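Below: one structure, written as structure tokens.
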Amino acid sequence: MRRRTGWLVSAVAAAFVAAGAVTYAVADGDGGRAGPSVPSAESADAGFARDMAVHHQQAVEMSYFVRDRTKDPDVRRLAYDIAQTQANQRGMLLGWLELWDLPKTSAKPPMAWMGMGDMPAGEDGALMPGMATDTQLAQLTKLSGRRAEVLYLRLMIAHHKGGVHMAKGCVERCTVGAERRLARGMVAAQQSEIELMTGMLKERGAKP
């Protein structure tokens with residue numbers, strides 16, 4: 001497991017070093033073929049950037065918390081990698097909104113850019129698909145060791161599944177090439193981490 005986790009960390013890190021390079025072309029349309037363009041405040045590009053920044057922030061908080069509540073090297077390594085990767089991505093998304101001179105919040109409900117603005121409001125603080133509830137987060141803060149690891153892995157698998165759903169929506173709807181490439185990278189990385197975390201749960205005698 002350590003070897004596989006280390007490989008995944010290296011692969012994800014390499015992917016987002018490359019992703020960082022595309023920040024030079026944040027308004028490049030689809031690969032720059034149509035010339036520079038800036039998305040509107042109501043676009044899928046802006047909606048994805050806003051919503052995924054919020055989604056990522058919760059993952060960062062959960063990951064830093066569990067890293068300090070377990071001594072397991074694989075969980076600590078995974079949590080640190082998720083926290084660093086998603087914090088960097090969040091910075092890119094918010095940076096694009098700043099560069100596009102677009103608001104970082106919207107009066108519309110979350111996921112409206114995906115045509116899901118009429119879905120029921122998230123309960124207990126879970127604003128978007130996959131996000132943990134306030135009750136689940138409070139429970140996580142009370143645990144340590146194996147129990148914290150299991151709950152974290154379960155919550156993060158669900159979180160990643162929601163994130164993959166959103167990222168696929170951007171791949172289909174976003175027009176800025178750099179953002180679509182970032183979204184594709186999110187799908188690949190988070191699907192790999194879902195597989196990894198499912199295996200880690202099985203090692204601990206737990207199910208997703």
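The values are calculated or read from the model by the stated rules, or taken from the named source; none is laboratory data. These figures come from a predicted structure and were not determined experimentally. Quick reminder, even Gly has a Cβ in these numbers, built from the backbone with ideal geometry, and neighbours come from all protein chains shown. Just so you know, the surface numbers come from the protein's heavy atoms only, side chains and all, with ligands and any DNA or RNA stripped out. Shrake-Rupley method; radii C 1.70, N 1.55, O 1.52, S 1.80 Å.
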Legend entry - Centroid-to-centroid separation of the range 147-208 and the range 98-115 [C-alpha atoms, Å]: 22
Legend entry - Sequence-distant aspartates and glutamates (8 or more away, or on other chains) whose Cα lies within less than 19 Å of Lys207: Asp72, Asp74, Glu149, Glu193, Glu195
Legend entry - In nm, spacing of pseudo-spin labels at Arg77 and Ala107 (7 Å Cα→C-beta vector): 5.0
Inset, instruction - Between Asp68 and Val38, take the C-beta separation as r, use R0 = 45 Å, and let me know the FRET efficiency to the nearest 0.05. - result: 0.65
Legend entry - Dipole-positive endmost among Val171, Ala189, Gly130 within the range 89-208 (Cβ charges, Cα centre): Ala189
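Per residue, what accessible area does the range 52-109 have, given a 1.4 Å probe and all protein chains present, in Å²? Provide the component values of the computation, followed by the final result.
Values: 2740 Å² over 58 residues.
Here the per-residue accessible area is 47 Å².
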Legend entry - Potential lengthening between Asp124 and Glu172 on full extension [0.36 nm per residue; Cα-Cα distance subtracted]: 14.3 nm
